[in-house]
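Only the coordinates and a few stated rules stand behind these numbers; no lab work does. Source: prediction; values computed, not measured. Virtual Cβ from ideal backbone geometry, glycine too; neighbours counted across all protein chains shown.
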Amino acid sequence: MNTKKKLNISSYLKRKNAKRFSLFVVISFIFLIFSKLSNDYKQTIKLKVNLANLEDEIILKDDSSLTMEAYIEAKGFALIPFVFRNHKTIVLDAQTDVVTKPKHYIFDVDKHKFLIEAQLGSPYKVMSVKPDSLVLPYSKRASKYVSLDLRTRIDFAPGFDILEGYSLSNDSVKVVGSSDQVSGIESILTDKLTLQEVNKDINEDIKLQIPKGLEVFPKSINVKAKVRRFTEGTIEIPITIKNKPSDTVINYFPKTVTVLYYVDLDHYNTIDASGFSIECDYTAVKNNQSYFIPKIVKKPEFVKRISMKQKRIDFIKL
């Protein structure tokens, strides 16, 4: 019995020592890795150039020209990302970081080495970069600005309507493409803005209908409109006869015209006859014609729709 017990104890101690030895090996390996990664290493990495802030008309021709090779020095820890990814992207501003020529951009690598170092970050020391300068060929397409045609299908809730018209974030857009296509474009349509039972302000983003083979900038716009409750009203406005010869005496009837107007409730109580003007032009009277056609020549800006009850004014010469 004692012998069996001694054997169990011995086996337990052997297993425990084996675990301790394994743990020691793992810890030693970790310390070795950390020691190695703490050392300085030199390595060549690929830099891919992303040219930002390009004009809409510009197309870069050769993607292979958008690469550089940098010989860098860094701690092993800093180089770990390049085990999984063999390049780093460097962003250059087409307006400030490169020289623009008629058919290509030139990036002076030596002169702008600080840009590369700044984007790589402080862990990396740039020893050298090849090539000394980068030539980026491009082509330029035709472009022009054209107007927008807003398409809407909006049903307002009873008593509600748009107040001052639609406000667009852009009144025109840039069309880019071949010269033949661009020259034939006069306007760009929007997708149809469809809304139902509208009783509050409109604030919607809508896309543009882009013709095949062309690019449009921007590709969508914002549409806003104030929506208010409206009502109708009537008011009597006196008639003014203009261009009547001084030696001609006439009598006309009626002397006033009933005007029907459509206005938002906020402005309803501000309506006054002085804000309207209705004229009849004597020179517009044809031979043997005994009536005028009245015209509204003045109305308040906030009145949305207006009409006259009387369509003609009869007169006789005295």
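Over 20 Å between C-alpha atoms is what I'm after, so list which of LYS61/LYS111; LYS42/LYS113; LYS46/LYS103 land there. Mind dumping the intermediate values first?
On the way: LYS61/LYS111 24 Å; LYS42/LYS113 18 Å; LYS46/LYS103 25 Å.
Exceeds cut-off: LYS61/LYS111; LYS46/LYS103.
Can you give me the relative contact order of the stretch 154-291 as a percent, contacts being Cα pairs under 8 Å and 6 or more apart? Worked out over the stretch 154-291, it gives 26 percent. The stretch 123-188 and the stretch 89-117 have Cα centres separated by 25 Å.
With the simple model of a label 7 Å out from the Cα in the direction of the Cβ, GLU301 to THR234 spans 3.0 nm.
Among ASP110, ASP264, a tally of other beta-carbon atoms within 10 Å of each Cβ gives an order, fewest to most, of ASP110, ASP264.
Which value does Rg/Rh take for the stretch 230-317 over its C-alpha atoms, Rh per Kirkwood?
1.04
Only lysine pairs 8 or more places apart, or on different chains, with alpha-carbon atoms under 16 angstrom apart are counted in the stretch 230-317, and they number 17.
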